[in-house]
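Just below is one structure, and these are the notes that go with it.
Derivation of every value follows stated rules applied to the coordinates shown; laboratory data play no part. Because the structure is a prediction, the values reported are computed rather than measured. FYI the Cβ positions are ideal-geometry reconstructions off the backbone, even for glycines, and counts take in every protein chain you see.
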Amino acid sequence: MFNIKNIKVSLKINSISLNSVLNDLERNQVLYSIKSNYIIFRKEFVYVLFKPKHLIVNHVNITKIPDVDSIVKSIDFLKSILSSQILEIKSSKVDNITAVYDMNKEIEQFKILDSFKDLYHIKFNKEKFPGLFLKVEFGTFIIFHTGKVNLVGCKDPSNLKLLFSQLLDILK
């Protein structure tokens, strides 16, 4: 089965003041960086708070989430850091799941390319990058000749079993 390496979640929140966010970060002794259109801070997870022109924050991305069970923990931590405000999560969605699998044997990339070029969207240029990109309905496999496979672009953890089964069928 795939081993999840990273989950990225996108939150839409109620509008909160940028100054209040900065005050909360400083009060909680959280190191942060201010970029042109976002603030970033790292604790157990990485938080990116987007700041539109009006100095109001209403969109947050959280990444470096190691598993599905930690999604709630990452949101709860954000609420605890921004505790001077009432933080309402209007919507949340998984933007990307990155996972890996190791076949523990070499993979013949050109055989996959020849067998599946009419079934899937495939990109492969061994001179530029050693991985074969094979796009399926719920994500993209990056297949390396070493036997390692990366999965990117999956948005629903419930699709991981289906994607793994699909990968095994491709690698037969």
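Can you tell which of ASN14, ASN37, ASN58 shows the greatest fluctuation in a Gaussian network model of the chain with Cα springs below 10 Å?
ASN37
Under a Cβ-only charge scheme (Lys and Arg +1, Asp and Glu -1), can you give me the dipole magnitude of segment 16-147 about the Cα centre, in debye to the nearest 20? Don't skip to the end; give the middle numbers.
On the way: 18 positive and 15 negative charges, 99 e Å.
The dipole of segment 16-147 has a size of about 480 debye.
What nm value, rounded to one decimal, do you get for the distance between HIS59 and ASN3 when each label is placed 7 Å out toward the C-beta?
Taking the simple label geometry, HIS59 and ASN3 are separated by 3.4 nm.
For the chain, what is the calculated [θ] at 222 nm in deg cm²/dmol (nearest 500), taking -39500 (n - 2.57) for each run of four or more DSSP H residues and dividing by its residue count? Mind showing how you got there, number by number?
Values: 4 runs with 42 residues, N = 172.
Estimated from H runs of four or more residues: -7500 deg cm²/dmol.
Give, in nm to one decimal, the length gained when the segment between MET103 and LYS35 is fully stretched (0.36 nm per residue of separation minus the Cα-Cα distance).
Working: separation 68, 0.36 × 68 = 24.48 nm, distance 4.07 nm.
Full extension from MET103 to LYS35 adds 20.4 nm.
Can you give me the angle between helix 70-81 and the longest principal axis of the chain, using Cα atoms only, in degrees from 0 to 90, rounded to the nearest 10?
20 degrees
Give me the number: length gained by fully extending SER20 to LYS117, i.e. 0.36 nm times residue separation minus the C-alpha to C-alpha distance, one decimal in nm.
On the way: separation 97, 0.36 × 97 = 34.92 nm, distance 5.29 nm.
Going from the current span to full extension adds 29.6 nm.
For segment 29-81, which trypsin sites (Lys or Arg not before Pro) are in a loop by DSSP, counting at most 12 other Cβ atoms within 10 Å? Provide the component values of the computation, followed by the final result.
Working: sites: LYS35, ARG42, LYS43, LYS53, LYS64, LYS73, LYS79; in loops: LYS35, LYS43, LYS53.
Answer by residue number: LYS35, LYS53.
If you put +1 on each Lys and Arg Cβ and -1 on each Asp and Glu Cβ, how big is the dipole of segment 103-162 around its Cα centre, in Debye rounded to 20? Don't skip to the answer; put the middle values down first.
Working: 10 positive and 7 negative charges, 28 e Å.
Charge dipole of segment 103-162: 140 debye, to the nearest 20.
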